[in-house]
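Enquirer: First the structure, which I've put down as structure tokens, then a few questions once you've had a look.
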Amino acid sequence: MDTTSARPLDGRTALVTGAASGIGRACAEVLAEAGARVHVVDLAADPALRLAERIGGVAHVADLADPEAVEALPADADIVVNNAGLQHLAPVHEFPLERFTLMQRVMVEAPFRILRRTLPHMYARRWGRVVNISSVHGLRASPFKSAYVTAKHALEGLSKTVALEGAPYGVTSNCINPGYVRTPLVEHQIAAQALAHGVPEEEVVERVLLERTAVKRLVEPVEVARLALYLCLPHAACLTGASLPLDGAWTAN
């Protein structure tokens, strides 16, 4: 790797899940700008294909809830960004079982399967970077988000285990823990809560989403992506097994 180049990831291959929009798209764009060849993985075919064409990557239309689809993804990634996720809000006693299972498959089992297949390649090259897009909810709980909180806490444990196992091979594994990010998933939550409570969307953002944060704005996807890139650079070789809050001081409380 040329550490002095404007493209420090030349010669590296990255795999980004949930890459057609939001944080995933920003990560794919930033890693490609840094020189990586990016596998763009998403269930949404057209946006994935358009993004891959634009950044010189390869699109893979895959349902991460389908183990066979996950096992068919490339195993030659030097960098894995586990980003894909979904949300559902309900009290535990009313939470749909099938939705809980789906969320664990996409947000826990799929990252495990992807790493199980890609780590041997990283180990053979004596270099690898695993970036797990967790959440502040990987460190804190909120009511009505049992499946999401459970999945993100599990991803934290997987990330730390990979950090311990991968260290002798030059492989790092970290979690990024954003607060609320300006993504389609969050925008849908804002619209739904505004409709349910009969209040403007701006009020939902200020009084609900940003209530616990000191920095009173949503995190931008590119901010998460730039932190992901930082974790892939040489000076982050000893930064592993960490959970890095990008949450406007939410977890400082």
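Enquirer: Just checking, how many residues over segment 225-241 are over 14 Å from residue 36 (Cα atoms), hydrophobic (A, V, I, L, M, F, W, C), open to solvent by less than 60 Å² (accessible area, probe 1.4 Å) and part of a loop (DSSP other than H, G, I, E, B)?
Expert: Residues that pass the stated criteria total 2.
Enquirer: Being open to solvent by 60 Å² or more (accessible area, probe 1.4 Å) and farther than 23 Å from residue 252 by Cβ is the filter here; which residues of segment 193-219 pass it?
Expert: 195, 196, 197, 198, 200, 201, 202
Enquirer: Touching a Cys at 6+ places or on another chain (Cβ under 9 Å) and touching a residue at least 40 places away in the same chain (Cβ under 8 Å): is that true of residue 145 in this structure?
Expert: Values: touching a Cys at 6+ places or on another chain (Cβ under 9 Å): no; touching a residue at least 40 places away in the same chain (Cβ under 8 Å): yes.
Criteria not met by residue 145.
Enquirer: Just to be sure I understand, how many residues within segment 206-224 are in a helix (DSSP H, G or I) and in contact with a helix residue (DSSP H, G or I) (Cβ under 6 Å, 6 or more places away or on another chain)?
Expert: Matching residues across segment 206-224 total 3.
Enquirer: Let me ask something else. List every residue pair whose Cβ atoms lie under 6 Å apart, where the two residues are 6 or more positions apart in sequence or sit on different chains, the first residue falls within segment 59-70 and is without any contact (Cβ under 8 Å) to a residue 40 or more places away in the chain, and the second residue, located anywhere, is in a helix (DSSP H, G or I) and surrounded by fewer than 19 Cβ atoms within 10 Å (Cβ to Cβ).
Expert: Hits for this filter: 59/49; 61/45; 62/69; 63/69.
Enquirer: Sticking with this one: On the given criteria, is residue 42 surrounded by 24 or more Cβ atoms within 10 Å (Cβ to Cβ) and more than 17 Å from residue 128 (Cβ to Cβ)?
Expert: On the way: surrounded by 24 or more Cβ atoms within 10 Å (Cβ to Cβ): yes; more than 17 Å from residue 128 (Cβ to Cβ): yes.
In short, yes.
Enquirer: Residues being over 13 Å from residue 18 (Cα atoms), assigned to a loop (DSSP other than H, G, I, E, B) and in contact with a Leu (Cβ under 8 Å, 6 or more places away or on another chain): count how many of those fall in segment 74-101.
Expert: So the answer is 3.
Enquirer: Go through segment 158-196 and report how many residues are closer than 24 Å to residue 231 by Cβ and aliphatic (A, V, I, L, M).
Expert: Within segment 158-196, residues that are closer than 24 Å to residue 231 by Cβ and aliphatic (A, V, I, L, M) number 10.
Enquirer: Follow-up. Look at residue 150 and say whether it is of a type in the set (S, T, N, Q), open to solvent by 10 Å² or more (accessible area, probe 1.4 Å) and within 25 Å of residue 63 (Cβ to Cβ). Spell out the reasoning first.
Expert: On the way: of a type in the set (S, T, N, Q): yes; open to solvent by 10 Å² or more (accessible area, probe 1.4 Å): yes; within 25 Å of residue 63 (Cβ to Cβ): yes.
Spelling it out, residue 150 is indeed of a type in the set (S, T, N, Q), open to solvent by 10 Å² or more (accessible area, probe 1.4 Å) and within 25 Å of residue 63 (Cβ to Cβ).
The values are calculated or read from the model by the stated rules, or taken from the named source; none is laboratory data. These figures come from a predicted structure and were not determined experimentally. Quick reminder, even Gly has a Cβ in these numbers, built from the backbone with ideal geometry, and neighbours come from all protein chains shown. The accessibility values were calculated without ligands, DNA or RNA, using every heavy atom of the protein model including side chains. Shrake-Rupley method; radii C 1.70, N 1.55, O 1.52, S 1.80 Å.
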